[in-house]
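Beneath this line is the structure, given in structure tokens, with notes to follow.
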Amino acid sequence: MKPFALFLLFTSFCIGQQVNFISDLDSAFTKAKKEDKLVFIEYYNSQCTICLSIQPLFENKEMADFYNRNFINYKINTKDGLKGKDSLFMAERNLKFSGVPFFLFFDEDKNFIHYSGAKNDLEYLISIGKKAMNPEERTGSLAQKYASGDRTINTLYAYSDLVQLYQNHALSNTISNELFIVYPKQNLGTNQSYLILKNSVFSIDNGFYIYWYENRANLKDFEKGIHKGEEQKVLERILLTSIQKEKENWNLEKIRAVKEMTLALGLSNDRDDFLWEEEAQALLASNHSEEAVTLLKTILDKSKENSYSSLYVTEKFIGFFDRKEDLLVVVQELDKLKSLTMEPEQKGELLYQQLLCFQKMKNTSKTNEYKKLVVDYFQEQGLDLSTLKNL
């Protein structure tokens with residue numbers, strides 16, 4: 001055989017020993033449409049240990065033969081964040097992955113049809129591709145199964161995982177509630193129940209959360225390795241997510257129950273570290289002004305050595321209060337803060353807050369007095385008068 005023919009044979013052999021990745025995203029989909037194939041995207045980070053452990057498998061003959069034969073292949077490296085076409089592509093599909101590595105699959109028209117986490121296991125990685133090729137097994141079929149009324153545990157659990165990619169909190173909660181409805185209640189204390197709690201629950205109103213919160217003494221021995229003993233952190237994460245996303249809809253009773261949860265789970269040693277703003281508003285909405293004033297004084301007492309925190313609290317309560325007598329309490333509390341050592345900017349903020357109180361009280365004489373006081377102080381200290389609002 002001639003040397004050149006040997007070279008071509010050798011080159012062909014080498015190419016066949018690795019998964020061929022297209023360097024341009026648009027070219028990958030153009031090629032996929034031309035060859036009637038799906039597009040496989042390795043979503044990874046070149047500094048990720050697991051990702052690095054997977055890379056040698058792309059040079060495995062069986063892996064290369066399967067992925068080159070069935071897919072057009074492309075890589076998205078997240079090391080320096082998504083950029084350019086990669087960033088736009090993921091944003092247009094509203095896909096938000098919190099980690100790596102993932103294997104993603106799209107049809108030739110860029111529709112997202114399947115995904116899976118990845119690991120250093122040849123058989124597993126090939127099985128991911130096989131599922132992507134099967135319309136009945138790919139994750140893209142889950143929405144249709146759900147819409148058709150499939151409420152089996154497996155479908156709900158898998159669909160919950162998919163919906164999380166779109167950060168649809170309301171639908172995630174609906175699915176996790178349906179999971180609890182169909183889940184055998186005699187199995188609530190099992191590892192399977194814990195995994196559902198960990199991976200599919202985002203609200204303290206969900207039955208899995210309620211069960212494990214009430215039985216948190218038994219929430220142990222499910223995690224292994226470096227995460228051993230961290231089971232209760234799952235409850236903490238769900239509680240924090242609920243506070244972030246659901247607090248606007250809570251009444252006073254619910255707010256106070258949640259504050260007790262923060263103490264019980266050890267998220268805080270002080271019940272007023274969380275939700276004091278929401279509690280104040282709920283108190284005022286239910287005509288408990290005196291309790292709101294008491295809450296103001298309690299929080300200020302706890303932050304009395306920190307002028308920044310204290311001024312943040314008084315600013316919030318000025319916004320909450322409408323009654324003259326309540327605003328007068330804020331003025332008095334601000335007077336007490338004058339004994340603290342403050343920077344000129346803080347002292348100016350304190351005087352300005354008192355001015356706002358008199359404005360809300362419609363006390364014309366005091367308003368005019370404090371307007372002059374604030375302007376004079378800002379000018380004396382060389383502070384920026386443009387930072388003042390409603391002056």
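The values are calculated or read from the model by the stated rules, or taken from the named source; none is laboratory data. Computed from a prediction, not measured in an experiment: that's the story for all the values here. So basically every Cβ, Gly included, is an ideal-geometry build from the backbone, and we count neighbours across all protein chains shown. What goes into the accessible areas is simple: the full protein's heavy atoms, side chains included, and nothing from ligands, DNA or RNA. Shrake-Rupley method; radii C 1.70, N 1.55, O 1.52, S 1.80 Å.
Which of the residues that make up region 226-255 are free of Cβ contacts under 8 Å to residues at least 40 places away in the same chain, open to solvent by 80 Å² or more (accessible area, probe 1.4 Å) and closer than 23 Å to Val313 by Cα?
Scanning region 226-255 gives Gln244, Glu248, Asn249, Asn251, Glu253.
May I ask you to list pairs of residues, at least six apart or on different chains, whose Cβ atoms are under 7 Å apart, with the first in region 369-384 being farther than 13 Å from Glu345 by Cα and the second being in a helix (DSSP H, G or I) and not hydrophobic (A, V, I, L, M, F, W, C)?
Matching pairs, first to second residue: Tyr370/Gln354.
Being surrounded by 15 or more Cβ atoms within 10 Å (Cβ to Cβ), of a type in the set (Val, Ile, Thr), in contact with a helix residue (DSSP H, G or I) (Cβ under 7 Å, 6 or more places away or on another chain) and closer than 30 Å to Leu296 by Cα, is that true of even one residue in region 169-182?
no
Here's the yes/no breakdown for (1) in a loop (DSSP other than H, G, I, E, B); (2) of a type in the set (S, T, N, Q); (3) in contact with a Phe, Trp or Tyr (Cβ under 7 Å, 6 or more places away or on another chain):
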position	(1), (2), (3)
Val330	no, no, yes
Leu351	no, no, yes
Lys360	no, no, no
Ser365	no, yes, no
Asn368	no, yes, no
Val375	no, no, no
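Test Ser289 against the stated conditions and say whether it is modelled with pLDDT of 95 or more and among the hydroxyl-bearing types (Ser, Thr, Tyr). Steps first, answer last, please.
Details: modelled with pLDDT of 95 or more: yes; among the hydroxyl-bearing types (Ser, Thr, Tyr): yes.
Yes: the conditions hold for Ser289.
Using beta carbons and a limit of 9 Å, which pairs, at least six apart or on different chains, have the first residue in region 65-82 and farther than 18 Å from Thr49 by Cβ and open to solvent by 30 Å² or more (accessible area, probe 1.4 Å) and the second one of a type in the set (A, V, I, L, M) and part of a helix (DSSP H, G or I)?
Asn68/Ile15; Asn70/Ala132; Asn70/Met133; Leu82/Leu88; Leu82/Met90; Leu82/Ala91
For the list (1) surrounded by 12 or more Cβ atoms within 10 Å (Cβ to Cβ); (2) over 29 Å from Glu333 (Cα atoms); (3) of a type in the set (A, V, I, L, M, F, W, C), I need the number of the one condition that Ala217 fails.
The one condition Ala217 does not meet is (1).
Could you say which residue among Ser87, Ser53 is outside any loop (DSSP other than H, G, I, E, B), touching a residue at least 12 places away in the same chain (Cβ under 8 Å) and not aliphatic (A, V, I, L, M)? Talk me through it step by step, then tell me what you get.
Values: Ser87 fails: touching a residue at least 12 places away in the same chain (Cβ under 8 Å).
Exactly one residue qualifies, and that residue is Ser53.
Does region 104-111 contain any residue that is under 22 Å from the mean Cα position of the chain (by Cα) and at pLDDT 95 or above? Please lay out each step first, then the result.
First pass over region 104-111, keeping only residues under 22 Å from the mean Cα position of the chain (by Cα): 104.
If we keep only those that are at pLDDT 95 or above too, we end up with 104.
Yes, because at least one residue in region 104-111 is under 22 Å from the mean Cα position of the chain (by Cα) and at pLDDT 95 or above.
Got a number for residues in region 17-50 being assigned to a helix (DSSP H, G or I), open to solvent by less than 40 Å² (accessible area, probe 1.4 Å) and either farther than 16 Å from Asp86 by Cβ or basic (Lys, Arg) (or both)? Even if it seems obvious, please write down each step before you answer.
Keep residues of region 17-50 that are assigned to a helix (DSSP H, G or I), which gives 25-35, 49-50.
Okay, now just the ones that are also open to solvent by less than 40 Å² (accessible area, probe 1.4 Å), so 25, 28-29, 32.
Those still in the list that are either farther than 16 Å from Asp86 by Cβ or basic (Lys, Arg) (or both) too: 32.
Residues in region 17-50 being assigned to a helix (DSSP H, G or I), open to solvent by less than 40 Å² (accessible area, probe 1.4 Å) and either farther than 16 Å from Asp86 by Cβ or basic (Lys, Arg) (or both): 1 in total.
I'm trying to understand the selection: among the residues of region 256-287, which are in contact (Cβ under 8 Å) with a residue 12 or more places away in the chain, open to solvent by 60 Å² or more (accessible area, probe 1.4 Å) and either in a loop (DSSP other than H, G, I, E, B) or among the polar types (S, T, N, Q) (or both)?
Gln281
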